[in-house]
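Written below as structure tokens is the structure these notes are about.
The values are calculated or read from the model by the stated rules, or taken from the named source; none is laboratory data. Since the structure is predicted, the reported quantities are computational estimates derived from the model, not experimental observations. All Cβ positions, even for glycine, are placed from backbone atoms using ideal geometry, and neighbour counts span all protein chains on display. Surface areas here come from the heavy atoms of the whole protein model, side chains and all, with no ligands, DNA or RNA. Shrake-Rupley method; radii C 1.70, N 1.55, O 1.52, S 1.80 Å.
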Amino acid sequence: MDLIEKTISSREIYNGKIISVRLDRVQLPDGQESQREIVEVANGGAVGIVPVKDGRVYLVRQYRKAVEKVLLEIPAGRLEPGEDPSNCAQRELSEEIGFKTENLQRLAFSYSSPGFSNEVLYLYLARDLVRDEAAVKEEGEFLEVDSYGFSEALKMVSDGEIEDGKTIIGLLMASYYLSKMDNQKQS
């Protein structure tokens, strides 16, 4: 069966600074018609970084209006126009937690919620962190930085204390990557 939904018409509903929303009329694989509400993210997406130093992972607490609560998250941010994701990761490390690194490993690329959005997320592991003396906080961003033992952070995921999707995926991917690296060293 051909699973492609063919676009019959498309209409912009909203065009903002961060997102735009369109309504697509589509023909389904069985010939029926339906509507799809699509959220298009400016510049295509974001980056999340799992910063690890001396067995500890740095996380930020930040209020998220969409869910009306403070969440514990990995440092992250939106891509600027034409920005390379690894450069964005370095910028966000500096702005959010005041570190920089020369040891940045891409962990994953994913679609945040492809049922209605085109947003992509690049996840990185940052190790060998050093203080960035030139770090400048992003204007209008309010957050608190704390560090946790890596195993403690993983337990916080399984206990439901960490609820942010990119953080959960990032921590689990980093755990897998680091354990794989440890196994290779032992071989």
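What list of ³J(HN,Hα) values in whole Hz, one per residue of region 74-88 in order, does the Karplus curve 6.51 cos²θ - 1.76 cosθ + 1.60 (θ = phi - 60°) give from phi, with Gly and Pro shown as x?
Calculated HN-Hα couplings, in order: 6, x, 7, x, 7, 5, 7, x, x, 6, 6, x, 5, 5, 4 Hz.
To the nearest 10 Å², what's Arg11's accessible area with a 1.4 Å probe?
Answer for Arg11: close to 130 Å² accessible.
Once the mean 1/r over all distinct Cα pairs of region 24-68 is inverted, what Kirkwood radius in angstroms do you read off?
15.4 Å
Quick check: with the 1.4 Å probe, what order do Leu71, Leu28, Leu59 take by accessible area, largest first?
Most to least solvent-accessible, the answer reads Leu28, Leu71, Leu59.
For the residue pair Leu28 and Glu139, what label-to-label distance in nm results when each label sits 7 Å from Cα along the Cα-to-beta-carbon direction?
4.9 nm
I want the antiparallel fraction of DSSP beta bridges within region 32-162, as a percent rounded to 5.
Once the DSSP bridges in region 32-162 are tallied, antiparallel ones form about 75 percent.
Could you work out which residue, out of Asn15, Asn43, Asn118, moves most in a Gaussian network model of the chain, that is, has the largest mean-square fluctuation with Cα springs under 10 Å?
Per the Cα network of the chain with a 10 Å cutoff, Asn15 tops the list.
With a 10 Å cut-off between alpha carbons and a GNM built on the chain, which of Glu92, Glu80, Glu12 moves the most?
Glu12
With a 1.4 Å probe and every protein chain left in place, tell me how much accessible area Ile4 has, in Å² to the nearest 10.
100 Å²
Can you work out ³J(HN,Hα) from phi for every residue in region 39-44, in order, using Karplus 6.51 cos²θ - 1.76 cosθ + 1.60 and θ = phi - 60°, giving whole Hz and x for Gly and Pro?
9, 9, 8, 4, 6, x
Roughly what angle does helix 165-186 make with the longest principal axis of the chain, taking Cα atoms, 0 to 90 degrees, to the nearest 10?
50 degrees
Using +1 at the C-beta of Lys and Arg and -1 at the C-beta of Asp and Glu, which of Ser9, Thr101, Val39 has the Cα lying farthest in the positive direction of the dipole of region 1-129?
Of Ser9, Thr101, Val39, it is Thr101.
Please compute the per residue accessible area over the chain with all protein chains in place, 1.4 Å probe, rounded to a whole number of Å².
Accessible area per residue: 60 Å².
Could you tell me how many cubic angstrom of Cα convex hull volume region 53-187 has per residue?
In region 53-187, the Cα convex hull volume per residue is 136 Å³.
With a 1.4 Å probe and every protein chain left in place, tell me how much accessible area Phe116 has, in Å² to the nearest 10.
Accessible area of Phe116: about 100 Å².
In what order, largest first, do Thr7, Thr101 sit by accessible area if the probe radius is 1.4 Å?
Thr7, Thr101
How many nm separate the modelled label positions at Ile18 and Asn183, each set 7 Å beyond the Cα in the direction of the Cβ?
The modelled label-to-label distance comes out at 3.8 nm.
Each residue of region 138-153 in order: what ³J(HN,Hα) in whole Hz does its phi give by Karplus 6.51 cos²θ - 1.76 cosθ + 1.60, θ = phi - 60°, with x for Gly and Pro?
Values, residue by residue: 6, 4, x, 9, 10, 8, 10, 9, 8, 10, 9, x, 4, 5, 5, 5 Hz.
Taking all protein chains in place and a 1.4 Å probe, what share, in percent, of the accessible surface of region 1-118 do carbon and sulfur account for?
The nonpolar share, carbon plus sulfur, comes to 48 percent.
What net charge is computed for the residues neighbouring Ser175, neighbours being all others with C-beta under 13 Å from the C-beta of Ser175, Lys and Arg scored +1, Asp and Glu -1?
Counting the neighbours of Ser175, the net charge comes to 0.
Could you tell me the largest-minus-smallest coordinate of the C-alpha atoms of region 1-115 on each of the three principal axes, in descending order and whole angstroms?
Reported extents, whole Å, longest axis first: 57, 33, 26.
Which of rounded, prolate or oblate describes region 52-95 when judged by the alpha-carbon gyration tensor and an a/c cut-off of 1.5?
Here region 52-95 falls in the oblate category.
Work through the residues other than Val52 whose Cβ is under 11 Å from its Cβ and net out their charges, Lys, Arg +1 and Asp, Glu -1.
Within the 11 Å Cβ shell, the charges total +1.
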